[in-house]
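Each remark here refers to the structure printed beneath this line.
The values are calculated or read from the model by the stated rules, or taken from the named source; none is laboratory data. Being a predicted model, the structure only gives us computed values, none of them experimental. As a convention, Cβ positions derive from the backbone with ideal geometry for all residues, glycine included, and neighbour counts pool all protein chains shown. To get the accessible areas, we keep the full protein, side chains included, count just its heavy atoms, and leave off ligands, DNA and RNA. Shrake-Rupley method; radii C 1.70, N 1.55, O 1.52, S 1.80 Å.
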Amino acid sequence: MKKIAIIGSTGSIGRQAIEVCRRYPERFEIVAMAANTGGALFEEQLRQNKPRFAALRAEREVCVPQGTRFACGESAFEEACAFAEADVVLIAVTGFAGLKAALSALSAGKDVALANKESLVVGGHLVMPLAERKGLRILPVDSEHSAIWQCLHFDRKAPFRKILLTASGGALRDVPIEKLGEVTAKDALAHPNWKMGPKITIDCATMLNKGFEVMEAMHLYGAALSEIEVLVHRESIVHSMVEFADGAVLAQMAAPSMELPIQLALTYPERLDCGLPPLDLIRAGALHFERVDEKRYPCFRLALLCAKKGGTYPCILNAAGEVAVSAFLNGQIKYTQIADIIEDVLAAEIGGGAESYGALEETDRRAREKARLRIG
Ligand code: MG
């Protein structure tokens, strides 16, 4: 029986992870659940799964079933990330908050199933060496990184020549570039292939998400920036590919579903049914691959620049991106201003550092402040 702690249980990945655990009750037990703000869904999840421990980051009481211990606040949230009885901690919160969660879990000696890419983007240089030092596993949950991991036979350190990271191009891939200033949050949220949370869906439209995933792959697979190529693949059937020294290229294909990578992170090297329909390649028809048009996706260009520069740049990129995307979702700025704001904040004197979690927290705070000023 594998004991799982789910951090971010009410989000898209958290909900699917619960489904995965429910499919195999003889294999998985959810021992801890944590969420940011709670609500009716969280209480329902607690009733159905009866974890030993439940935590809410917000200071708020919730109704818990008998046998579940409950605590709220920042330290309770951290306790869930480091929950003593868990074998694996699934980190499924979005944004900068994932970094602290990952560091807490690893510090407590837990293997981490990582769905939060920002923790690697911002603090991969802290997360990866900590896992290495402690002999702990980082299990990729992001679909592309799971695909790469599968192509590498579940060996993150296996040699390769190149990683070919695929991208759908997002909801706005066919909108004429000159019309992008007029698109609404609703347009940008209508992703053609994947159902995900709002922040990541906007990041798919701008391809900031793919820029993040380049950095994520650099950390997970020890890849240089020059060893990663991004291809727009409209069908989202090939979830990524790896090219090897002899010229062979392995691709991982499946219908788009996050349940496969979530489940595989928990069961690998074993593969079990996860309810996916068989892949019908005849119905899928032709598969297409294109280069990224950097004019259409300025956020992608900025992210690659940050990947090259390193240091505090990825942290500033992420902070400015979080603020700008939330302003766009609230109708405060135009879609095209997301990239403008990120670019301005990257060009500003932010200061701060990247050498520790505390230094990154300070950099993140300053960059957010700068981005908010820019929005007005
Ligand atoms: Mg992904």
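When DSSP beta bridges are restricted to pairs lying wholly in the chain, around 25% turn out antiparallel. Remark: relative contact order (the chain) = 14 percent; criterion is Cα-Cα distance under 8 angstrom and separation of 6 or more residues. Take the alpha carbon gyration tensor of region 311-376, find the square roots of its eigenvalues, order them as a ≥ b ≥ c, and report rounded if a/c is under 1.5; if not, report prolate when a/b exceeds b/c, else oblate. Taking the square roots of the gyration eigenvalues as a ≥ b ≥ c, region 311-376 is prolate. Averaged over its residues, region 2-136 has an accessible area of 37 Å² per residue, based on protein heavy atoms and a 1.4 Å probe.
Between Ala359 and Met1, full extension at 0.36 nm per residue minus the direct alpha carbon distance yields a gain of 125.0 nm. Taking region 94-113 and a reference point 7 angstrom along Cα→Cβ of Glu369, the backbone N atoms nearer than 20 Å belong to 96-97.
For Lys295, the aspartates and glutamates whose Cα comes closer than 15 Å to its Cα, not counting residues fewer than 8 places off in the same chain, are Asp174, Glu178, Asp340, Glu343. If a spin label sat at a point 7 angstrom from the Cα of Arg22 along the line to its beta carbon, the backbone N atoms of region 249-292 nearer than 20 Å would be those of 257-267, 272-277. Computed from point charges on the beta carbon alone (+1 for Lys and Arg, -1 for Asp and Glu), the dipole magnitude for region 14-90 about its Cα centre is near 280 Debye. Per atom type, region 226-340 shows carbon and sulfur on 53% of its accessible surface, probed at 1.4 Å. For region 277-284, putting each phi into the Karplus relation 6.51 cos²θ - 1.76 cosθ + 1.60 with θ = phi - 60° gives couplings of x, x, 6, 9, 6, 6, 5, 5 Hz, in residue order, rounded to whole numbers and with x for Gly and Pro. In region 86-109, whose amide N lies under 16 Å from the spot 7 Å out along Cα-to-Cβ of Lys134? List them in ranges. Within reach of a label on Lys134: 86-92, 98-109. The residues of region 300-376 expose on average 45 square angstrom of accessible surface per residue, using a 1.4 Å probe on protein heavy atoms. Label sites at Gln48 and Lys334, each approximated as a point 7 angstrom past Cα along Cα to Cβ, lie 4.3 nm apart.
Summed over qualifying helices (DSSP H, 4 residues or more, each -39500 (n - 2.57)) and divided by its residue number, the chain shows a 222 nm mean residue ellipticity of -13500 deg cm²/dmol. For the residue pairs Lys134/Lys370; Lys2/Lys186; Lys2/Lys162; Lys3/Lys309; Lys117/Lys179; Lys50/Lys195, the C-alpha atoms sit more than 32 angstrom apart in Lys134/Lys370; Lys2/Lys186; Lys2/Lys162; Lys3/Lys309.
Between Arg60 and Leu305, full extension at 0.36 nm per residue minus the direct alpha carbon distance yields a gain of 84.1 nm.
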